[in-house]
Structure formats: structure tokens, C-alpha cells
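Chemist: Pasting a structure here, questions to come.
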Amino acid sequence: MATRQTASLARLMRAPAIILLLIWMAVPLAMTLYYSFLNYNLLNPAGTSWAGWFNYQYFYTDPAFFASIWNTLVLVLGVLFITVVGGIAIAILIDKPIFGQGIVRILVISPFFVMPPVAALIWKNMIMHPSYGVFADIAKFFGAAPVDWFAQYPLFSIILIVAWQWLPFATLILLTSLQSLDGEQMEAAEMDGAPAYSRFLYLVLPHMARAITVVILIQTIFLLGIYAEILVTTNGGPGTASTNLTFLIYRAARLNFDIGGAAAGGIIAVILTNIVAVFLMRAVGKNLD
Amino acid sequence: MGRITLEGVAKRFGDVEVIPPLNLDIEDGEFVVFVGPSGCGKSTLLRLIAGLEDVSDGRILIDGKDATDESPAKRGLAMVFQSYALYPHMSVRKNIAFPMKMAGMDQAEQDRRIEAAAKALNLTNYLDRKPGQLSGGQRQRVAIGRAIVREPSAFLFDEPLSNLDAALRVGMRLEISELHNRLKTTMIYVTHDQVEAMTMADKIVVLHAGRIEQVGSPLELYLRPKNAFVAAFIGSPKMNLFTGAAAAEYGATTIGVRPEHIAISPTAGKWQGRVGVSEHLGSDSFFYVEDTGLAETITVRSDGEVNMHHGDTVWLTPTEDKIHKFDANGDRIQ
């Protein structure tokens with residue numbers, strides 16, 4: 001336990017790191033906040049003037065705004081659903097001792113090493129492409145018309161790609177959790193007459209609750225900011241069918257050169273993210289203590 | 001009913017035979033203890049009976065019915081594990097209710113059995129706690145409660161007391177014995193502690209390297225050990241074993257004398273030696289006598305008032321009719 005001297009010394013020693021982090025966080029936030037109240041367009045930087053709430057009003061009345069929030073939600077929840085359910089299933093599968101276990105585990109984890117734009121391009125050009133993608137070949141083999149994934153199901157395609165990328169992460173965390181399950185508990189349940197699905201429901205799932213929480217929290221943070229996969233595949237389209245909030249902000253800033261509008265969007269995104277975070281912590285955070 | 005019969009049961013892990021074929025009869029209502037040094041296969045044998053391991057050979061009969069290929073749940077046995085294996089996220093009540101819930105028993109009957117078990121095991125005030133909030137002894141009782149409510153035909157205990165401290169262990173030992181007296185259900189109890197075996201068992205099965213060395217009541221094993229292994233394993237402190245001239249004198253390869261069957265005297269006796277360590281417990285005194293030329297040390301137990309100390313020269317005399325004789329194979333010579 002710390003004495004008074006060591007406590008004040010500790011405060012002094014950790015001050016630089018905390019101050020640096022604070023600056024790192026506070027300065028960009030303050031600048032974004034400041035820009036969001038300006039008429040600031042890169043095409044006409046000389047005409048910068050005070051805008052008041054106009055940027056917020058403009059962003060809010062943009063029909064793409066609510067569509068993008070909806071898309072963000074669908075994207076995050078869709079990927080979470082696939083990765084958590086799929087992750088549990090794969091973790092249970094590769095937890096059993098099998099021949100070539102090491103190689104199988106490395107293969108399962110490997111998608112995580114592929115950079116997001118590369119992964120998205122591979123999916124776009126080699127898997128989902130309507131004329132020479134693998135899915136098209138499969139469809140043709142069965143005599144069906146190939147699906148033009150990014151035109152017909154743009155958001156679903158992106159969910160699929162992102163889920164593929166995050167599945168290894170979920171699997172890895174859930175697998176370690178599964179391996180820490182006490183074998184005697186499972187045997188006790190077996191003797192108690194619990195069939196496999198009951199053992200899963202009453203033992204495995206509660207045991208993994210904490211790991212599932214970790215997966216949901218960490219993934220949500222990253223999934224709210226999905227951007228590269230959309231940029232290289234659908235570019236947010238068709239229309240705004242696959243535009244999420246991040247991509248909408250990107251469009252404002254880099255396609256319309258509207259720094260003020262983008263900044264306002266950024267602030268709105270920060271607020272929404274915090275609302276989501278509060279709900280998340282309320283809903284699943286109790287599993288963490 | 002809980003009559004368990006093993007017929008030529010064997011277990012192999014790959015090429016390693018951990019349990020060579022063995023036969024064993026466990027009568028209904030018996031308290032049977034499997035005892036042996038660690039790695040002797042006693043836990044494996046218990047797991048074979050439970051159905052948590054598949055037998056490589058032979059048959060397991062429960063109440064005369066072949067249960068060899070039955071699933072653990074169908075055998076009607078309940079097991080208490082060394083780590084207790086409680087379900088950590090369920091309250092004590094739900095832990096105890098779990099096997100009944102799995103069996104689809106109606107709620108009123110479940111509640112009745114839980115209340116009865118909790119009362120018998122002193123758990124009534126803890127029913128709504130989680131296992132993590134209980135002490136080791138209480139967790140052990142919850143594990144026993146979970147076994148009792150199923151009303152199994154036999155209880156299997158896998159070293160249930162080894163995670164408890166010494167005082168608690170003695171208490172739980174008594175509780176389990178009382179439980180057996182009350183329920184009169186077959187119990188199979190695995191331990192490496194021969195004191196637990198001697199105090200609790202109706203019948204002790206001594207195992208060594210997967211083989212059954214001897215089956216018998218505690219006193220039978222103590223008075224007439226079949227071989228040198230059982231002789232050395234049963235009894236505390238251990239029996240003194242001598243080979244060479246001292247044994248040849250009795251026409252045996254090895255002779256064994258228990259510490260309590262050697263008289264110690266400061267003046268005269270059969271073997272001369274020097275007291276090494278002496279332990280005075282009040283009720284008993286233990287002397288570890290060295291330099292006898294027979295064995296490294298000879299352990300002697302005498303009553304508490306014998307007053308001899310480190311370095312004293314002493315004479316030892318074994319009680320002639322309490323000497324155990326063993327032949328070259330280690331088997332008892334009658």
C-alpha cells in the first residue's frame with residue numbers, strides 16, 4: 001500500500017503521460033468543435049466566417065443523415081451478431097483436439113492479419129464479382145443467375161466482409177475463454193444428466209459471458225468507424241445504401257471540401273457514440289466486474 | 001440399490017495399460033474406499049465406474065444390469081469432485097437444483113428436496129449465495145447436496161477432502177460417515193490418505209500400479225496385510241521393514257514390525273540403537289532409532305511417558321507374534 005510520499009511521487013511520475021493524452025484528445029476535439037461553427041470550405045478558404053448552428057442544421061436536414069445512422073446501426077449489429085455467434089461456434093469446433101490443430105488455428109486467425117482495404121478488394125474482385133467471382137461461379141454451377149452483390153445487397157456485402165475480418169478476433173477471445181472452463185464442471189454436469197445443449201446453455205455460455213462482453217465492447221468501438229471497406233467497394237452507394245456516419249463525414253470533408261459541415265458531423269458522431277457507449281456499458285458492463 | 005460389480009475391467013491409454021483387468025464386487029450400502037499412492041489408477045477406476053472414461057475391456061454391472069455402455073447420467077450414480085465442480089454463476093439453490101431440473105422434476109418436489117438437503121448439510125442460510133462467497137467446507141457440502149438430491153444408487157467421491165485444511169478435513173470426514181450411516185447408500189470413496197481410508201471404510205481396496213493388492217476391512221488390512229506393499233501402506237507411522245539376517249532368522253526375505261509392536265528400553269533388548277529424532281505428542285511418543293544395523297531408521301511408538309532423548313542408547317524388542325513375514329515376492333508367509 002502506498003504511503004503519502006510514494007502516492008505524490010506516483011502522481012508526479014504519471015503526470016506527463018496523462019497531460020500528453022489529455023492534449024492529444026482535447027485539442028483535436030476542441031478544434032473540431034470550433035470548425036463546426038464556421039463556414040469553412042477548402043474551395044474558398046478566404047471566405048471563412050462564423051456560421052452559428054448552420055452546419056448542424058444542414059447536416060441534420062441532410063436526408064442521408066438518418067439513413068447513415070441507420071446503416072451504421074445495422075452494420076455494427078450485423079457484424080456483432082455474425083462474429084459472436086460464428087465465433088462461439090468456431091471456438092467450440094477448434095477447441096476439440098483434432099489432427100493438424102495448430103495449422104487449423106492459424107488459418108482461422110489469419111484473416112485478421114489482412115489489411116481492411118486489401119480484404120475488401122479481394123472480396124470485391126475475387127469472391128463477390130458478378131462475372132468472375134467465386135460466388136458467381138457457384139451460382140452458375142447450380143444454374144442460377146449470379147448476384148451482383150454490391151449493387152443488390154450493398155450493406156449486407158459490407159457486413160459480410162467486415163464480419164469475415166473480425167471473426168478471428170472474436171474466435172480467439174472466445175476460444176481462450178472456453179479453454180479456461182473447468183473440465184470437472186462439465187463432467188459434473190454430464191453426471192447430473194445435462195445433455196450437450198443444456199451444458200452449453202447453463203455452463204459454457206455463462207462462463208463465456210465476460211469474453212462475449214469484451215468482444216462486443218472492443219468490436220463496437222472499431223465497427224463504428226468502418227470506412228476503408230466502404231470506400232474501396234461501394235463508395236457508399238448505390239445512393240446512400242451503404243453510407244455510414246463515418247463515410248458521410250468523409251463525403252462532406254473530402255468530396256465537398258466542406259470542413260465546417262464535416263466537423264459538425266464529427267461532433268454528432270462523437271455524441272452518438274457516447275450514447276451507444278452508455279447503453280452498452282449499462283447492458284453488458286455488469287459482466288465485467 | 002447400489003450393487004456394483006466389475007468384471008475384468010481394464011483401461012488402456014494408447015499402449016499404456018493403467019489398469020490391468022480386475023474384478024471387484026461392491027455390495028449394496030457398503031462404504032468402499034479406494035486407496036493407493038498417487039498414480040495408482042484409483043481415480044481412473046472411479047471415473048470408469050462413473051462412465052466419464054470408457055473401459056478398454058470388461059464389464060461394469062450396476063444392480064446386475066450391464067452399464068458398460070451407458071452414459072454417465074443413465075447410471076444413476078452421483079459424483080463429488082475434488083475441485084467440488086460447482087457451477088460458479090448459479091446460486092447454491094440452483095446448483096443443488098440442477099440435476100433435478102435436468103431430470104424435469106416438478107418444482108414442488110425440487111423445493112422439498114432442496115430444503116431437506118440444505119437442512120441436513122447446514123446450508124439453509126446460504127442457499128442464495130454464489131459458490132464464490134462460500135468457504136471450502138461449505139462448497140464441499142453444496143457438492144454433496146447436489147449429489148444427495150438425486151437420490152442416486154451410489155455416491156462416488158474423488159478425493160473430496162484434499163482441498164480442505166486439516167481441522168475441516170476431520171470434521172467433513174465425520175459428516176460423510178454420518179451421512180452414510182443415515183442414507184445407507186453405497187459410497188465409493190477415493191483417497192491417497194490411509195487415515196481417511198481406515199476411519200471411514202467398511203471395505204478398503206488397496207491399489208498399486210492399477211492392480212488390486214488387497215481388499216478387506218480396515219482391521220483385516222492392518223492385522224493381516226497380504227504383501228509388503230499393503231503392510232507398508234496401511235498404518236501410520238509406517239511399518240518397519242527389514243531384510244537380510246534379521247529376516248532370515250524368521251525364515252523370511254522381509255519381515256515387518258509396526259512401530260507400536262516394538263518395545264523400547266534403556267537397558268536391555270534384542271536390537272541396539274541410538275535415538276535420533278524423538279517426537280513427544282503427550283499421548284504417544286515416537287522415536288526414530290538409528291544405527292541399529294538393520295535399517296536406516298526404525299520407528300518406534302510408545303506411550304507418552306517414556307522419556308528418552310536424542311543420542312540416548314536404547315534397546316528394541318519386537319513383539320514376536322506381531323511380526324509379519326514376507327517371501328521373496330513380497331507375499332505374506334502364513
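The values are calculated or read from the model by the stated rules, or taken from the named source; none is laboratory data. Since we're looking at a predicted model, the values are computed, not measured. Methodologically, a virtual Cβ is constructed for each residue, glycine included, from the backbone with ideal geometry; neighbour enumeration extends over all protein chains shown.
Chemist: Kindly indicate whether residue A:188 is small (Gly, Ala, Ser), closer than 24 Å to residue A:74 by Cβ and either touching a residue at least 12 places away in the same chain (Cβ under 8 Å) or touching a Phe, Trp or Tyr at 6+ places or on another chain (Cβ under 8 Å) (or both).
Modeler: Values: small (Gly, Ala, Ser): yes; closer than 24 Å to residue A:74 by Cβ: no; either touching a residue at least 12 places away in the same chain (Cβ under 8 Å) or touching a Phe, Trp or Tyr at 6+ places or on another chain (Cβ under 8 Å) (or both): yes.
Judged against the criteria, residue A:188 is not a match.
Chemist: Could you tell me which of the residues B:90, B:79 is surrounded by fewer than 24 Cβ atoms within 10 Å (Cβ to Cβ) and either of a type in the set (A, V, I, L, M) or at pLDDT 90 or above (or both)? Can you show your working first?
Modeler: Numbers: B:79 fails: surrounded by fewer than 24 Cβ atoms within 10 Å (Cβ to Cβ).
Result of the check over B:90, B:79: B:90.
Chemist: Next question, about the same structure. Output the residue which, of all residues in segment A:113-137 that are surrounded by fewer than 15 Cβ atoms within 10 Å (Cβ to Cβ) and touching a Pro at 6+ places or on another chain (Cβ under 9 Å), is nearest to residue A:163 (Cα to Cα).
Modeler: Going through the qualifying residues, I end up with A:113.
Chemist: Against the definition (within 14 Å of chain A (Cβ to nearest Cβ) and either of a type in the set (Gly, Ala, Ser) or more than 25 Å from residue B:138 (Cα to Cα) (or both)), how does residue B:56 come out, yes or no? First the steps, then the outcome.
Modeler: Working: within 14 Å of chain A (Cβ to nearest Cβ): no; either of a type in the set (Gly, Ala, Ser) or more than 25 Å from residue B:138 (Cα to Cα) (or both): yes.
No, not satisfied.
Chemist: Would you tally the residues in segment B:148-171 being within 22 Å of residue B:113 (Cβ to Cβ) and surrounded by 19 or more Cβ atoms within 10 Å (Cβ to Cβ)?
Modeler: Quick first cut of segment B:148-171, residues within 22 Å of residue B:113 (Cβ to Cβ) only: B:148-157, B:160.
With the extra rule that they be surrounded by 19 or more Cβ atoms within 10 Å (Cβ to Cβ), the set shrinks to B:148-150, B:152, B:154-157, B:160.
Of the residues in that region, 9 qualify.
Chemist: Residue check: is residue A:249 more than 20 Å from residue A:49 (Cβ to Cβ) and among the hydrophobic types (A, V, I, L, M, F, W, C)?
Modeler: Working: more than 20 Å from residue A:49 (Cβ to Cβ): yes; among the hydrophobic types (A, V, I, L, M, F, W, C): yes.
Yes.
Chemist: Looking at B:251, B:293, B:269, B:311 in this structure, which one is closer than 26 Å to residue B:220 by Cβ, more than 28 Å from the chain's Cα centre (by Cα) and assigned to a loop (DSSP other than H, G, I, E, B)?
Modeler: On the way: B:293 fails: closer than 26 Å to residue B:220 by Cβ; B:269 fails: closer than 26 Å to residue B:220 by Cβ; B:311 fails: closer than 26 Å to residue B:220 by Cβ.
Answer to the check: B:251.
Chemist: Which of the residues belonging to segment A:242-257 are under 13 Å from residue A:64 (Cβ atoms) and crowded, with 17+ Cβ neighbours inside 10 Å? Outline the logic, then answer.
Modeler: Taking segment A:242-257 and keeping what is under 13 Å from residue A:64 (Cβ atoms), we get A:242-252, A:255-256.
Result: A:242, A:243, A:244, A:245, A:246, A:247, A:248, A:249, A:250, A:251, A:252.
Chemist: Does residue A:222 meet the test of being out of contact with any Pro (no Cβ under 9 Å at 6 or more places or on another chain), more than 30 Å from residue A:68 (Cα to Cα) and not small (Gly, Ala, Ser)?
Modeler: Details: out of contact with any Pro (no Cβ under 9 Å at 6 or more places or on another chain): yes; more than 30 Å from residue A:68 (Cα to Cα): no; not small (Gly, Ala, Ser): yes.
Here the answer is no, as residue A:222 does not meet what is asked.
Chemist: Then there is this: Only one residue in A:143, A:183, A:193 is buried (at least 17 other Cβ atoms within 10 Å of the Cβ) and over 17 Å from the mean Cα position of the chain (by Cα). Which one? Outline the logic, then answer.
Modeler: Details: A:143 fails: buried (at least 17 other Cβ atoms within 10 Å of the Cβ); A:183 fails: buried (at least 17 other Cβ atoms within 10 Å of the Cβ).
Only one candidate passes the filter, namely A:193.
Chemist: From the list B:71, B:43, B:91, exactly one residue is among the polar types (S, T, N, Q), within 14 Å of another protein chain (Cβ to nearest Cβ) and within 24 Å of the chain's Cα centre (by Cα). Which is it? I'd like the intermediate steps shown before the answer.
Modeler: On the way: B:71 fails: within 24 Å of the chain's Cα centre (by Cα); B:91 fails: within 24 Å of the chain's Cα centre (by Cα).
Criteria check complete, one pass: B:43.
Chemist: At pLDDT below 90 and of a type in the set (A, V, I, L, M): is that true of residue A:43 in this structure? Steps first, please.
Modeler: Working: at pLDDT below 90: yes; of a type in the set (A, V, I, L, M): yes.
In short, yes.
Chemist: Could I ask something else about it? Somewhere in segment B:156-178, is a residue among the aromatic types (Phe, Trp, Tyr) and touching a helix residue (DSSP H, G or I) at 6+ places or on another chain (Cβ under 7 Å)? Steps first, answer last, please.
Modeler: Going residue by residue through segment B:156-178, those that are among the aromatic types (Phe, Trp, Tyr) are B:157.
Retained after the next criterion (residues that are touching a helix residue (DSSP H, G or I) at 6+ places or on another chain (Cβ under 7 Å)): none.
There is no residue in segment B:156-178 that is among the aromatic types (Phe, Trp, Tyr) and touching a helix residue (DSSP H, G or I) at 6+ places or on another chain (Cβ under 7 Å).
Conditions tested, residue by residue: (1) within 15 Å of residue B:42 (Cα to Cα); (2) in contact with a Cys (Cβ under 8 Å, 6 or more places away or on another chain); (3) modelled with pLDDT of 90 or more.
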{"residue": "B:152", "(1), (2), (3)": "no, no, no"}
{"residue": "B:162", "(1), (2), (3)": "yes, no, no"}
{"residue": "B:168", "(1), (2), (3)": "no, no, no"}
{"residue": "B:172", "(1), (2), (3)": "no, no, no"}
{"residue": "B:175", "(1), (2), (3)": "no, no, no"}
{"residue": "B:180", "(1), (2), (3)": "no, no, yes"}
{"residue": "B:183", "(1), (2), (3)": "no, no, no"}
{"residue": "B:187", "(1), (2), (3)": "yes, no, yes"}
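Chemist: Please go through segment B:74-88 and give me each residue that is on the phi > 0 side of the Ramachandran plot and either among the hydrophobic types (A, V, I, L, M, F, W, C) or at the interface with another protein chain (Cβ under 7 Å from one of its Cβ atoms) (or both), ordered by number.
Modeler: B:85, the sole residue that qualifies.
Chemist: Turning to a different aspect of this structure: Looking only at segment A:169-212, count how many residues are away from chain B (no Cβ under 12 Å) and either of a type in the set (D, E, K, R) or touching a Ser or Thr at 6+ places or on another chain (Cβ under 7 Å) (or both).
Modeler: We begin by selecting, within segment A:169-212, every residue away from chain B (no Cβ under 12 Å); these are A:169-179, A:200, A:211-212.
Imposing the further condition that a residue be either of a type in the set (D, E, K, R) or touching a Ser or Thr at 6+ places or on another chain (Cβ under 7 Å) (or both) reduces the set to A:170, A:211.
Result for segment A:169-212: 2.
Chemist: Among the residues of segment A:64-103, which ones are touching a residue at least 24 places away in the same chain (Cβ under 8 Å) and not hydrophobic (A, V, I, L, M, F, W, C)?
Modeler: Matches in segment A:64-103: A:68, A:71, A:72, A:78, A:83, A:86, A:87, A:95.
Chemist: Check segment B:161-182 and report whether any residue there is more than 27 Å from residue B:235 (Cα to Cα) and in contact with a strand residue (DSSP E or B) (Cβ under 9 Å, 6 or more places away or on another chain). So that I can check it myself, show each step before the final result.
Modeler: In the first step, residues of segment B:161-182 are kept if they are more than 27 Å from residue B:235 (Cα to Cα); the result is B:182.
With the extra rule that they be in contact with a strand residue (DSSP E or B) (Cβ under 9 Å, 6 or more places away or on another chain), the set shrinks to none.
Looking through segment B:161-182, none of the residues is more than 27 Å from residue B:235 (Cα to Cα) and in contact with a strand residue (DSSP E or B) (Cβ under 9 Å, 6 or more places away or on another chain).
Chemist: Looking at segment B:211-228 only, could you name the residues that are surrounded by fewer than 24 Cβ atoms within 10 Å (Cβ to Cβ), under 15 Å from the mean Cα position of the chain (by Cα) and not acidic (Asp, Glu)?
Modeler: Scanning segment B:211-228 gives B:212, B:214, B:215, B:216, B:217, B:218, B:219, B:222.
Chemist: Scan segment B:98-105 and tell me whether some residue there is within 8 Å of another protein chain (Cβ to nearest Cβ), out of contact with any Ser or Thr (no Cβ under 6 Å at 6 or more places or on another chain) and assigned to a loop (DSSP other than H, G, I, E, B).
Modeler: Taking every residue of segment B:98-105 in turn, none turns out to be within 8 Å of another protein chain (Cβ to nearest Cβ), out of contact with any Ser or Thr (no Cβ under 6 Å at 6 or more places or on another chain) and assigned to a loop (DSSP other than H, G, I, E, B).
Chemist: Okay, next question. How about segment A:160-263: which helices (runs of 4 or more DSSP H) wholly inside it have at least 1 residues that are under 24 Å from residue A:97 (Cβ atoms)? Working first, answer last.
Modeler: On the way: elements: A:183-191, A:196-199, A:205-223, A:228-232, A:245-250.
Hits in segment A:160-263: A:183-191, A:196-199, A:205-223.
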